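Each remark here refers to the structure printed beneath this line.
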Amino acid sequence: MPDYVEVDDARKMSGLRLVLSPGVPGPWSEAAKGIFYVKKIAYIPVRQKMGNDPALKQWTAQDSAPVAIYNDERPRSTWIEQLYLAERLAPEPALIPASVEERVLMFGYCNELCGENGFGWAKRLLLFHTAFTTPGGSDENLAPTRVLAAKYGYNPAKVDQSKARVVEILRALSTQIEQQHNCASRYFIGHRLSALDIYWAAFCAIINPMPDELCPMTPAFRQIYTNRDPEIAAAASPLLYEHRDFIYRQHLELPVDN
């Protein structure tokens, strides 16, 4: 596990600081780490306190992870801000395509994965629903989950809508990777690595985690992340999982260090 510093100490430092949740392979955090890894941008890992973090909120006006803070610049708490920061700090290798057509395609799919009401957002709502409807959960154990669920606007009446969104996005990504496979490309966009490849590799974990020797996580998180819904499973082409494995082998750090 990285040597995390506390928020109060990180505020006094310069350079790039990245707020993360220790021990939790969250998709947004793993994607941010992957982007900085590919670009060889060093950062100081900062510890986020799960559930409620007043010190982080005072610093960044919110208390979720990841957050990237570079020198005295504003905190960047969204995936797209973090991507553009990485592109500025290390223009090569570029993870945003040069052509407008490929940029539009990449950012569209990235938003479907990472954005509000996208794949990661909707899948988390399903995870909250499972936690709240599984017998045996105590109010004390579920308290942190309720805090996080409130941030995402959890509503049991919208569970079917969330599942439909997950299925829809997986089908779209499956079509895209199958078309690229037919064009002899190993990547989602064109013939080179883009941010979309990294985002999918990270977000894939919340339906199909890599083996523990490659992505260590607690048994509880592995159970939570592993998809058991047959409709969601059917929506994902096997090529999506093969693609995740290829991206990690060729471009990202293994084993995942969270």
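Taken over region 79-96, the criterion of being touching a Phe, Trp or Tyr at 6+ places or on another chain (Cβ under 9 Å), surrounded by fewer than 20 Cβ atoms within 10 Å (Cβ to Cβ) and under 17 Å from Pro27 (Cα atoms) is satisfied by Ile80 alone.
Any residue at all in region 149-159 that is over 18 Å from the mean Cα position of the chain (by Cα) and closer than 18 Å to Tyr225 by Cα? Looking for residues that are over 18 Å from the mean Cα position of the chain (by Cα) and closer than 18 Å to Tyr225 by Cα, one finds at least one in region 149-159, hence yes. Among the criteria (1) out of contact with any Phe, Trp or Tyr (no Cβ under 7 Å at 6 or more places or on another chain); (2) open to solvent by less than 20 Å² (accessible area, probe 1.4 Å); (3) at pLDDT below 95, the one Gly136 does not fulfil is (2).
From the list Asp257, Asp212, the lone residue that is outside any helix (DSSP H, G or I), in contact with a helix residue (DSSP H, G or I) (Cβ under 9 Å, 6 or more places away or on another chain), open to solvent by 40 Å² or more (accessible area, probe 1.4 Å) and free of Cβ contacts under 8 Å to residues at least 40 places away in the same chain is Asp212. Selection over region 34-70 of residues that are assigned to a helix (DSSP H, G or I), open to solvent by less than 30 Å² (accessible area, probe 1.4 Å) and within 23 Å of Leu252 (Cβ to Cβ) gives a count of 4. Against the list (1) loosely packed, with under 13 Cβ neighbours inside 10 Å; (2) more than 23 Å from Gln176 (Cα to Cα), the condition Ser99 fails is (2).
Filtering region 102-125 to residues that are open to solvent by 50 Å² or more (accessible area, probe 1.4 Å) and at negative phi leaves Glu102, Arg103, Val104, Leu105, Asn111, Glu112, Glu116, Arg124. For region 152-170, filtered to residues that are under 15 Å from Ala235 (Cβ atoms) and of a type in the set (Gly, Ala, Ser), the residue that is surrounded by the fewest Cβ atoms within 10 Å (Cβ to Cβ) is Ala164. Inside region 174-201, residues that are touching a Leu at 6+ places or on another chain (Cβ under 7 Å) and polar (S, T, N, Q) make up a count of 2.
Results for (1) of a type in the set (S, T, N, Q); (2) open to solvent by less than 50 Å² (accessible area, probe 1.4 Å), shown as yes or no for each residue.
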{"position": "Ala172", "(1), (2)": "no, yes"}
{"position": "His181", "(1), (2)": "no, no"}
{"position": "Arg186", "(1), (2)": "no, no"}
{"position": "Trp200", "(1), (2)": "no, yes"}
{"position": "Asn227", "(1), (2)": "yes, yes"}
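The values are calculated or read from the model by the stated rules, or taken from the named source; none is laboratory data. What you are looking at is a predicted structure, and each value in this text was computed from that prediction instead of being measured. Glycine gets a Cβ as well: all are built from the backbone with ideal geometry, and neighbour counts include every protein chain shown. Heads up: the accessible areas ignore ligands, DNA and RNA and are worked out on the full protein's heavy atoms, side chains in. Shrake-Rupley method; radii C 1.70, N 1.55, O 1.52, S 1.80 Å.
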